[in-house]
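S.K.: What follows is a single structure, and I will ask about it in a moment.
The values are calculated or read from the model by the stated rules, or taken from the named source; none is laboratory data. All values reported here derive from a predicted model rather than from experimental measurement. FYI the Cβ positions are ideal-geometry reconstructions off the backbone, even for glycines, and counts take in every protein chain you see.
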Amino acid sequence: MLIIDGDCGFMIGAMERDQDLTMSIEDVRNSPSSGKNWVPVVPNSEAVVSLPTFRLGGVAVILAKLWGGIYRPGSPIWGYRTGDIAYAMARGQAAYYQILDEKGEARVLTSGDQFSSHMGEWSEADDYSDLPVGMVIGIEGADPILWPEQVHEWWNLGVRVIGLSHYGVSTYSHGTGTGTDGGLFPPAKDLLREMDALGMILDVTHTSDESVRQAMDLFSGPVLASHQNCRALVPGERQFPDELLSRVIERGGVIGTSLDAFMLYKPGIDWVDIPGRRETYSRENVTLEDVADHMDYVCQLAGDSRHAAIGSDLGGAVGWTGAPHGVDSAADYQKLVGVLESRGHTEEDVSNIMHGNWQRFYEKWLP
């Protein structure tokens with residue numbers, strides 16, 4: 001079955017870990033380190049994504065993220081010293097996706113018709129090994145947008161999805177690690193207005209509860225939650241309460257369940273301190289059954305299977321040791337098919353969750 005992954009920090013492996021992601025996952029893992037590595041350190045041996053691995057697993061499209069957070073005092077994770085540097089780093093990541101497109105390894109998808117044509121090509125293929133992997137480009141946290149009107153430049157570079165925040169406080173809103181009550185900052189109103197005018201999609205992931213409420217009141221365009229799990233199942237500010245899940249559903253949005261094990265661990269973790277993931281619990285404590293729990297919960301809230309999906313967040317900052325037990329690489333996303341079927345989901349339900357919901361959303365809302 002074809003898969004669309006609603007969130008992947010693909011460029012981090014290449015741009016921050018110096019990995020050649022056109023190689024097989026085995027070759028990436030066996031590559032010696034060049035000495036360059038992101039913080040927190042995830043060695044090459046833990047790599048979970050590469051373009052051949054996506055093809056092997058039938059992953060036809062990913063939401064490929066750009067990131068350039070600005071470090072601020074008290075921030076829960078690292079960042080760049082200035083907005084200019086954050087902007088330049090994200091521009092470099094966009095250039096990486098573009099060169100993959102020009103070489104035929106990937107296909108940057110910027111319109112609904114292009115998305116539909118790409119999915120048709122994959123649907124008709126018996127062998128995916130020579131097909132380009134589709135990429136919708138999104139910005140994870142809006143710090144690389146130095147002023148609201150600059151979003152037009154990012155649109156021209158192919159960006160179609162923007163989240164206002166990531167970890168800590170961004171230029172535009174409160175994010176993960178800041179509590180749930182902090183709201184938007186003044187520039188957010190102008191940014192959301194410019195996004196509306198362009199037809200940009202708002203990603204409410206990683207954004208504080210109050211910021212999401214305010215943003216959804218101001219923004220009239222399409223909304224998604226690329227990698228967002230359910231607070232009713234796992235406590236903590238990083239997950240969404242029913243109220244916000246329902247607001248995304250009411251707006252016709254799709255909610256991607258994250259495969260980050262630390263977002264699936266039922267006792268929860270302290271999202272303010274963001275503790276070391278591997279030291280908190282054993283990987284065996286989280287399985288694909290936990291992933292299916294969140295998908296089922298979204299289906300129950302919605303009353304159908306048309307709003308739940310995959311938003312893995314694997315690759316980049318999370319290697320296979322941070323994935324659920326049984327997920328060794330992106331090729332293992334296919335195992336969710338059997339898990340969902342064993343719970344009584346119909347073939348249509350499973351198809352919706354694995355790719356259909358994201359496909360309908362992007363075919364509708366991409367220009």
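S.K.: Suppose we filter ASP260, ASP313, ASP290 for residues that are crowded, with 20+ Cβ neighbours inside 10 Å and touching a helix residue (DSSP H, G or I) at 6+ places or on another chain (Cβ under 7 Å); which single one remains? Explain how you work it out, then say what you get.
M.R.: Working: ASP313 fails: touching a helix residue (DSSP H, G or I) at 6+ places or on another chain (Cβ under 7 Å); ASP290 fails: touching a helix residue (DSSP H, G or I) at 6+ places or on another chain (Cβ under 7 Å).
Unique residue meeting the criteria: ASP260.
S.K.: For the range 249-270, name all the residues that are of a type in the set (Phe, Trp, Tyr) and either closer than 21 Å to MET354 by Cα or not in a loop (DSSP other than H, G, I, E, B) (or both).
M.R.: Listed by number, the list holds a single entry, PHE262.
S.K.: Regarding VAL108, is this residue buried (at least 23 other Cβ atoms within 10 Å of the Cβ) and in contact with a strand residue (DSSP E or B) (Cβ under 9 Å, 6 or more places away or on another chain)?
M.R.: So VAL108 fails the test.
S.K.: Going through the range 191-248 one residue at a time, which ones are more than 15 Å from TYR167 (Cα to Cα), in contact with a Pro (Cβ under 8 Å, 6 or more places away or on another chain) and among the charged types (D, E, K, R)?
M.R.: Residues satisfying the conditions are ARG193, GLU194, ARG231.
S.K.: Answer with yes or no whether SER165 is surrounded by fewer than 23 Cβ atoms within 10 Å (Cβ to Cβ) and under 21 Å from the mean Cα position of the chain (by Cα).
M.R.: Answer is no for this residue.
S.K.: Please find, among GLY69, GLY57, the residue that is more than 21 Å from THR321 (Cβ to Cβ) and among the small types (Gly, Ala, Ser).
M.R.: GLY69
S.K.: Conditions: (1) crowded, with 19+ Cβ neighbours inside 10 Å; (2) modelled with pLDDT of 95 or more. GLU348 meets all but one. Number of the miss?
M.R.: The failed condition is (1).
S.K.: Can you find a residue in the range 74-92 that is of a type in the set (A, V, I, L, M), more than 14 Å from ALA60 (Cα to Cα), in contact with a helix residue (DSSP H, G or I) (Cβ under 9 Å, 6 or more places away or on another chain) and assigned to a helix (DSSP H, G or I)? Before you say what the answer is, go through the steps one by one.
M.R.: Going residue by residue through the range 74-92, those that are of a type in the set (A, V, I, L, M) are 77, 85-86, 88-90.
Filter again for more than 14 Å from ALA60 (Cα to Cα), leaving 77, 85-86, 88-90.
So of that shortlist, the ones also in contact with a helix residue (DSSP H, G or I) (Cβ under 9 Å, 6 or more places away or on another chain) come out as 89-90.
Restricting the remaining residues to those that are assigned to a helix (DSSP H, G or I) gives 89-90.
Yes, the conditions are met somewhere in the range 74-92.
S.K.: For the range 193-214, which residues satisfy the criterion of being in a helix (DSSP H, G or I) and either out of contact with any Leu (no Cβ under 9 Å at 6 or more places or on another chain) or within 20 Å of GLY182 (Cβ to Cβ) (or both)?
M.R.: Applying the first criterion (in a helix (DSSP H, G or I)) to the range 193-214 yields 193-198, 209-214.
GLU194, ALA197, LEU198, ASP209, GLU210, SER211, VAL212, ARG213, GLN214 - these are the residues of the range 193-214 that are in a helix (DSSP H, G or I) and either out of contact with any Leu (no Cβ under 9 Å at 6 or more places or on another chain) or within 20 Å of GLY182 (Cβ to Cβ) (or both).
S.K.: Of these, VAL39, VAL48, which one is modelled with pLDDT under 95, under 16 Å from the mean Cα position of the chain (by Cα), part of a loop (DSSP other than H, G, I, E, B) and under 25 Å from HIS166 (Cα atoms)?
M.R.: Working: VAL39 fails: under 16 Å from the mean Cα position of the chain (by Cα).
After applying the criteria, what remains is VAL48.
S.K.: While we're here: Could you list, in sequence order, all residues of the range 97-153 that are within 21 Å of ALA225 (Cα to Cα), touching a Lys or Arg at 6+ places or on another chain (Cβ under 9 Å) and either among the β-branched types (Val, Ile, Thr) or assigned to a helix (DSSP H, G or I) (or both)?
M.R.: Matches in the range 97-153: THR110, GLY112, VAL136, ILE137, ILE139.
S.K.: Tell me which residues, restricted to the range 215-240, are in a loop (DSSP other than H, G, I, E, B) and either at pLDDT below 95 or within 16 Å of ASP293 (Cβ to Cβ) (or both).
M.R.: Scanning the range 215-240 gives HIS227, GLN228, ASN229, ARG231, ALA232, LEU233, VAL234, PRO235, GLY236, GLU237, ARG238, GLN239.
S.K.: While we're on this one: Going residue by residue through the range 273-285, is there one that turns out to be in a helix (DSSP H, G or I), at pLDDT 95 or above, surrounded by fewer than 21 Cβ atoms within 10 Å (Cβ to Cβ) and of a type outside the set (Ser, Thr, Tyr)?
M.R.: No - not one qualifying residue is present in the range 273-285.
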